[in-house]
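The values are calculated or read from the model by the stated rules, or taken from the named source; none is laboratory data. Small disclaimer: the values here were computed from a predicted structure and weren't measured. Here Cβ is always computed from backbone atoms with ideal geometry, including for glycine, and neighbour counts include all displayed protein chains. Note: areas computed on protein heavy atoms with side chains; ligands, DNA, RNA excluded. Shrake-Rupley method; radii C 1.70, N 1.55, O 1.52, S 1.80 Å.
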Amino acid sequence: MRFDVVTIFPAMVQQALSAGIVGRAIERKTLDVVVHDLRDFTTDRHRVVDDVPYGGGPGMVLKPEPLFRALDAIEAEDAARPTVLLTSPQGTMLTQAVVERLSRHPRLVLLCGRYEGVDERVRSRVDEEISIGDYVLSGGELPALVIIDAVARLVPGVVGDEQSVAEDSFGRGLLDFPHYTRPAEVTGSSGDVLRVPDVLLSGNHAEIRRWRKREALSRTLARRPDLLERAVLDDEEVKLLREVTAQEKHR
Ligand code: SAM
């Protein structure tokens, strides 16, 4: 899968992409990420990408022509037109369902806004605007990185263990079960001993699987009951959810 990022801060994006799972996938060429400096698509000596807003008011706006030229160059690289995303607090909210939908596109272009945002006419070249939450950031670089990371995890071969991706929170509409590692006991801040649940040390795989399902369900019920309405549950999970719900009511 290929991503193109258009930004005025290419180093910021490249640096973040060099680490961890995404960095390794780029090295292995499982992912192709090309970061474009918007200033390379200016035509003036000072490489100006922004201008004052028509109508007055505070802040600057990213000019349309450098973004159009960047898109012309990116689109010219392949016969098939890529999907163009604009990072924007006004866009479709990024959820795991949206991530899954985006992961089915072979090529995504991410435009990073800055200042007051991009000139409205840029939207004529955009397929979808994506927001990463109801808050305003100073630029689209962090949202672009969030989108790349979340989408890349679903590209076959990026995460070593595909089962772990399937079990992640939201994978099947539930939050993930709790995870523990060695040692089996640690001392907490008040001197109390914090133990790993016995079932995880039992070696009984059927019991462990059942415990994990139960924990995922009770966590989802406690923290995000809204997810349960759309979750796809197997017969065992339906039964466990009934038990967990009944238990909650008696508390
Ligand atoms: N004036 C814009 C508005 O209120 O809609 C906000 C502009 S913001 C300061 C600058 C850029 O950061 C945006 O163009 C967008 O690219 C990015 N950005 C900020 N918050 C975002 C969010 N929640 N999701 C996605 N992109 C965001």
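Subtracting the Cα-Cα distance from 0.36 nm times the residue separation, let me have the gained length for D72 to A97 in nm, one decimal.
Values: separation 25, 0.36 × 25 = 9.00 nm, distance 2.95 nm.
Length gained between D72 and A97: 6.0 nm.
Tell me the mean residue ellipticity at 222 nm calculated for the chain from its helices only (DSSP H runs of n ≥ 4, each -39500 (n - 2.57), averaged over every residue, nearest 500).
Working: 10 runs with 96 residues, N = 251.
Rounded to the nearest 500, it is -11000 deg cm²/dmol.
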Next item on the list: Using a 10 angstrom cutoff on alpha carbons, build the Gaussian network for the chain and name the most mobile of S124, S189, S164.
Entry: S189
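Loop-only trypsin sites (Lys or Arg not before Pro) in region 68-108, please: DSSP not H, G, I, E or B, and at most 16 other Cβ atoms within 10 Å. Walk me through the numbers before you get to the answer.
Values: sites: R69, R101, R104, R107; in loops: R104.
Sparse-neighbourhood loop trypsin sites (Lys or Arg not before Pro): R104.
Are there GluC sites (Glu not before Pro) in region 221-250 that DSSP puts in a loop and that have at most 15 other Cβ atoms within 10 Å, and which ones? All intermediate terms of the calculation are to be shown ahead of the outcome.
Numbers: sites: E229, E236, E237, E243, E248; in loops: E229.
Sites meeting the loop and neighbour criteria: E229.
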Margin query: Once you keep just the Cα pairs under 8 angstrom separated by 6 or more residues, what percentage relative contact order results for region 173-249?
Written below: 37 percent
Checklist line | Rounded percent of accessible protein surface that carbon and sulfur make up, the chain, 1.4 Å probe | finding: 52 percent
Note to self: What's the longest uninterrupted piece of the chain once you rule out the chymotrypsin sites (Phe, Trp or Tyr not before Pro) that are loop residues per DSSP with at most 11 other Cβ within 10 Å?
What the structure shows: 136-251
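Sorted by accessible area (1.4 Å probe), largest first, how do H46, H36, H105 line up? Intermediate results must be reported in sequence, preceding the final value.
On the way: H46 130, H36 25, H105 60 Å².
These residues rank, largest area first, as H46, H105, H36.
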Check: Accessible area, 1.4 Å probe, largest first: how do R214, R45, R223 sort?
Finding: R45, R223, R214
Item checked: Integer Hz, Karplus 6.51/-1.76/1.60 couplings in order for region 188-194, x for Gly and Pro -> x, 5, 9, x, 7, 8, 9
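I'd like the projected area of region 66-191, averaged over all directions, using the convex hull of its alpha carbons. Report it in nm² with one decimal.
Working: hull surface 45.8 nm².
Mean orientational projected area (region 66-191, Cα hull): 11.5 nm².
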Next item on the list: Whole number please: convex hull volume per residue, Cα atoms of the chain, in Å³.
Entry: 205 Å³
Item checked: Solvent-accessible surface (1.4 angstrom probe) belonging to V193, in square angstrom, nearest 10 -> 70 Å²
Notebook entry, point to check: From the phi of every residue in region 197-211, what ³J(HN,Hα) in whole Hz does the Karplus formula 6.51 cos²θ - 1.76 cosθ + 1.60 yield, where θ is phi - 60° and glycine or proline is x?
Noted result: x, 3, 4, 6, 9, 6, x, 8, 5, 5, 5, 5, 4, 5, 4
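Give me the extension gain from K239 to T181: residue separation times 0.36 nm, minus the current Cα-Cα distance, reported in nm with one decimal. Mind showing how you got there, number by number?
Working: separation 58, 0.36 × 58 = 20.88 nm, distance 2.86 nm.
Length gained between K239 and T181: 18.0 nm.
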Notebook entry, point to check: Tell me, what is the per residue accessible area of the chain in Å², probe radius 1.4 Å?
Noted result: 58 Å²
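For R172, R114, write out the residues from largest to smallest accessible area, computed with a 1.4 angstrom probe and no ligands counted. Before the final figure, lay out each step's value.
Details: R172 105, R114 40 Å².
Largest accessible area first, the list is R172, R114.
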